[in-house]
Amino acid sequence: MKISKINLASFRNYLNCSVSFGPHMNILVGDNAQGKTNILESIIFLALTKSHRIGNSPNIIMFGKNKCKISGVVKKDRVISKLEIELTEESKKLKVNQTEIKRVADYISYLNIIVFTPDDLEIVKGSPNVRRNLLNIQLSQISKDYLNYYNEYNKLLKTRNEYLKILFNNSIADTTYLDIITEKLIEKAVFIYQKRNDYINLINLSINSFYQDISGDSGIQVRYLPNIEIENYDSETIRKKLKHTFKKNYMKELNYGMTIYGPHRDDFIFEYNNHDLKYYGSQGQQKLAILSFKLSEISIFKEYSGTEPVLLLDDIFGELDIKKRNRLLKIIDSGDIQSIITTTDLKNIQKKYLENAYVFQVKNGNVERK
Ligand SMILES: Nc1ncnc2c1ncn2[C@@H]1O[C@H](COP(=O)(O)OP(=O)(O)OP(=O)(O)O)[C@@H](O)[C@H]1O
Ligand SMILES: [Mg+2]
């Protein structure tokens, strides 16, 4: 899929801006604080209806303004759609081809993206929450079922946690209602465990070869760590295991007043020759492992939806030496991937990549094609 154009109004440091992207590699070059990341952020917002940056959505509205608008033209499977998001302090309006879309789930399949930003080092270094988030975003983009199951799971989880507190506070012994909720929760949990396990397996089919292509080294894999032990991912086995776990830990969960077991406590780790990269990897290794993870996601995406997502790479060249930069560009340049890359300089990028790319100069909230 491709994004051919974006229009921004009162978005961050862009009062009014329109950018027409090329179908393959696009490079945004400019000094610090000129608005390179903001352009990527606007595309992320248009795709996911939220920012990748920490903070509230209204932060994206230009200082001194009370609303902002992002719109874009995307092409997926030969279908062209116009997406539009209008944001005020209080509201967010989503439109596709001028028609308002009420449910986010019905909106986010229009623009598919894979993002890599410097903050992504947190994927290796940060808390499990960061990694679960990543899995949820990617799985939701390739499977509407996943998104629905995941949302329903969270609703049930909330209900179950509230009811555990009620049981505890009122010393109620009858668990009939809790059992009903638990039964429903287990059904959703089984699906989530299976999908996440499948996804991690798919990542492992290609992550190491991307890592090898860029670094010349190998030994990277990811390991899924569901928060209950699962030997076998067939539905019946997981169902039984969860049932048993909830039964065995009833008193514990009652005392805690919350559900301790289930996919909301999952994690996965990156390993380099079987060692956790979080503790043993260099910054460069960690960065490359995450990058390889994202590149693997592109092929998975293509397999599921028949189209490649748009690849957004923010400041990727930072810790990569020249050789690795160009090897990475070679991967990105192959196939039919559209990429949008930011960098502070074009030094060390081989000419052959620059010749085929659309290069844009970003300066003080203006974007101009060079
Ligand atoms: N809501 C806002 N309204 C106006 N300007 C904003 C807003 N939020 C951020 N900015 C401005 O946007 C600029 C930062 O843009 P951005 O993060 O895109 O920079 P960048 O080109 O990626 O820089 P770097 O190379 O340092 O990463 C800063 O000048 C900042 O003050
Ligand atoms: Mg930036």
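The values are calculated or read from the model by the stated rules, or taken from the named source; none is laboratory data. If you're wondering where the values come from, they're calculated on a predicted model, not measured in any experiment. Reconstructed Cβ throughout: ideal geometry from the backbone, glycine too, with neighbour counts over all protein chains shown. The accessibility values were calculated without ligands, DNA or RNA, using every heavy atom of the protein model including side chains. Shrake-Rupley method; radii C 1.70, N 1.55, O 1.52, S 1.80 Å.
Before moving on, here are some points about what is shown:
- The stretch 1-38, subset within 16 Å of Asn112 (Cα to Cα) and aliphatic (A, V, I, L, M), residue modelled with the lowest pLDDT: Met1
- Subset of the stretch 165-180 [open to solvent by 80 Å² or more (accessible area, probe 1.4 Å) and not in a helix (DSSP H, G or I)]: Asn170, Ser171, Ala173, Asp174
- Members of the stretch 298-339 found to be among the hydrophobic types (A, V, I, L, M, F, W, C) and over 16 Å from the mean Cα position of the chain (by Cα), listed by number: Ile316, Phe317, Leu320, Ile322, Leu328, Leu329, Ile331, Ile332, Ile337
- Looking only at the stretch 122-139, and only at residues there that are within 23 Å of Ile39 (Cβ to Cβ) and open to solvent by less than 30 Å² (accessible area, probe 1.4 Å), the one that is nearest to ligand 2 (Cβ to nearest atom): Ile123
- Being over 15 Å from the mean Cα position of the chain (by Cα), surrounded by 14 or more Cβ atoms within 10 Å (Cβ to Cβ) and of a type in the set (D, E, K, R) is a property that holds for Lys95.
- Residues (open to solvent by less than 30 Å² (accessible area, probe 1.4 Å) and over 16 Å from the mean Cα position of the chain (by Cα)) located in the stretch 140-155: Tyr153
- Taken together, the residues in the stretch 154-193 that are under 30 Å from Tyr110 (Cα atoms) and touching a Phe, Trp or Tyr at 6+ places or on another chain (Cβ under 8 Å) amount to 6.
- Single residue of Ile85, Ile39, Ile43 found to be within 12 Å of Leu8 (Cβ to Cβ), more than 16 Å from ligand 2 (Cβ to nearest atom) and touching a residue at least 24 places away in the same chain (Cβ under 8 Å): Ile85
- Test: residue in the stretch 63-78 that is of a type in the set (Val, Ile, Thr) and either within 16 Å of ligand 2 (Cβ to nearest atom) or over 16 Å from Leu8 (Cβ atoms) (or both): no
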